[in-house]
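Novice: One structure coming up, written as structure tokens, with questions to follow.
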Amino acid sequence: MLRRATPEDADAIAGVLTAARAAQEWMPQLHTADEDRGFVRDLLLPSHDVWVAEEDGDIVGFAAVKDAVLGHLFVHPDVQGRGIGTVLLGKAKELLPHGFTLWTHQPNEQACRFYERRGLDAVEYTDGATNMEKLPDVCYAWRPEG
């Protein structure tokens, strides 16, 4: 089930974020679980349109959009490969029907393949000098046909 997030979802959303980042061996662990909870509660939920995916009453993924940017799309590693990310990406396309951009890290080959297989195009590459992880990143764009 997909639904709009509420403030009461902050801890569960942060749990997905923490678990997803921890599963990325190439990603430096820059934030604690407490910091992730504060980020979701104090910054993400108040400033983005956040949608959550639930399975059996548990939040297992989320997507956050703001303006014409898909700022976050994370799925808990225990449930990846079940189509949850595709459903969340579809919601982003519905919310931003004129197109959007997103950033991910180049070492995240799984995410890059995911976006490319779903019609997004890489439009910019950087060396990572300006992101907090200092990892090369890539900007993807979804441009609807027509």
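The values are calculated or read from the model by the stated rules, or taken from the named source; none is laboratory data. Model, not experiment: these values are computed from the prediction. Counting neighbours? That spans all protein chains shown, and the Cβs are built from the backbone with ideal geometry, glycine included.
Novice: Where in the stretch 41-146 are there strands (runs of 3 or more DSSP E), lying wholly inside it, with at least 1 residues that are touching a residue at least 24 places away in the same chain (Cβ under 8 Å)?
Specialist: 49-55, 58-66, 69-75, 100-105, 137-142
Here's the yes/no breakdown for (1) of a type outside the set (Gly, Ala, Ser); (2) out of contact with any helix residue (DSSP H, G or I) (no Cβ under 7 Å at 6 or more places or on another chain); (3) buried (at least 19 other Cβ atoms within 10 Å of the Cβ); (4) within 16 Å of Ala23 (Cα to Cα):
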position: Pro77; (1), (2), (3), (4): yes, no, no, yes
position: Gly81; (1), (2), (3), (4): no, yes, no, yes
position: Gly90; (1), (2), (3), (4): no, yes, no, no
position: Arg117; (1), (2), (3), (4): yes, yes, no, no
position: Asp121; (1), (2), (3), (4): yes, yes, no, no
position: Tyr125; (1), (2), (3), (4): yes, yes, no, no
position: Ala141; (1), (2), (3), (4): no, yes, no, no
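Matching residues to (1) at pLDDT 95 or above; (2) in contact with a Ser or Thr (Cβ under 9 Å, 6 or more places away or on another chain):
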{"residue": "Ala22", "(1), (2)": "no, no"}
{"residue": "Val40", "(1), (2)": "yes, no"}
{"residue": "Ile59", "(1), (2)": "yes, no"}
{"residue": "Ala68", "(1), (2)": "yes, yes"}
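Novice: A further question follows. Among the candidates Lys93, Lys134, which residue alone is touching a Gly at 6+ places or on another chain (Cβ under 6 Å) and among the charged types (D, E, K, R)? Working first, answer last.
Specialist: Details: Lys93 fails: touching a Gly at 6+ places or on another chain (Cβ under 6 Å).
Among Lys93, Lys134, only Lys134 is touching a Gly at 6+ places or on another chain (Cβ under 6 Å) and among the charged types (D, E, K, R).
Novice: Take Val69 and tell me if it is surrounded by fewer than 19 Cβ atoms within 10 Å (Cβ to Cβ) and of a type in the set (Val, Ile, Thr).
Specialist: yes
Novice: Only residues that are within 20 Å of Leu102 (Cβ to Cβ), surrounded by fewer than 19 Cβ atoms within 10 Å (Cβ to Cβ) and free of Cβ contacts under 8 Å to residues at least 60 places away in the same chain: list them for the stretch 20-40, please.
Specialist: Residues of the stretch 20-40 that are within 20 Å of Leu102 (Cβ to Cβ), as a first pass: 20-21, 23-24, 26-27, 30-31, 36, 39-40.
Retained after the next criterion (residues that are surrounded by fewer than 19 Cβ atoms within 10 Å (Cβ to Cβ)): 21, 23-24, 26-27, 30-31, 39.
If the condition is that a residue be within 20 Å of Leu102 (Cβ to Cβ), surrounded by fewer than 19 Cβ atoms within 10 Å (Cβ to Cβ) and free of Cβ contacts under 8 Å to residues at least 60 places away in the same chain, then Arg21, Ala23, His31, Phe39 are the ones that fit.
Novice: Can you tell me which residue in the stretch 1-11 is farthest from Ala92 (Cα to Cα), limited to those that are of a type outside the set (D, E, K, R) and surrounded by 18 or more Cβ atoms within 10 Å (Cβ to Cβ)?
Specialist: Taking the candidates together, the pick is Ala10.
Novice: Within the stretch 92-115, which residues are in contact with a Lys or Arg (Cβ under 9 Å, 6 or more places away or on another chain) and either of a type in the set (Gly, Ala, Ser) or closer than 20 Å to Ala23 by Cα (or both)?
Specialist: Scanning the stretch 92-115 gives a single hit, Gly99.
Okay, residues lined up against (1) closer than 26 Å to Glu124 by Cβ; (2) within 13 Å of the chain's Cα centre (by Cα); (3) not β-branched (Val, Ile, Thr):
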| site | (1), (2), (3) |
| --- | --- |
| Asp42 | no, no, yes |
| Pro46 | no, no, yes |
| Asp56 | no, no, yes |
| Ala64 | yes, yes, yes |
| His76 | no, yes, yes |
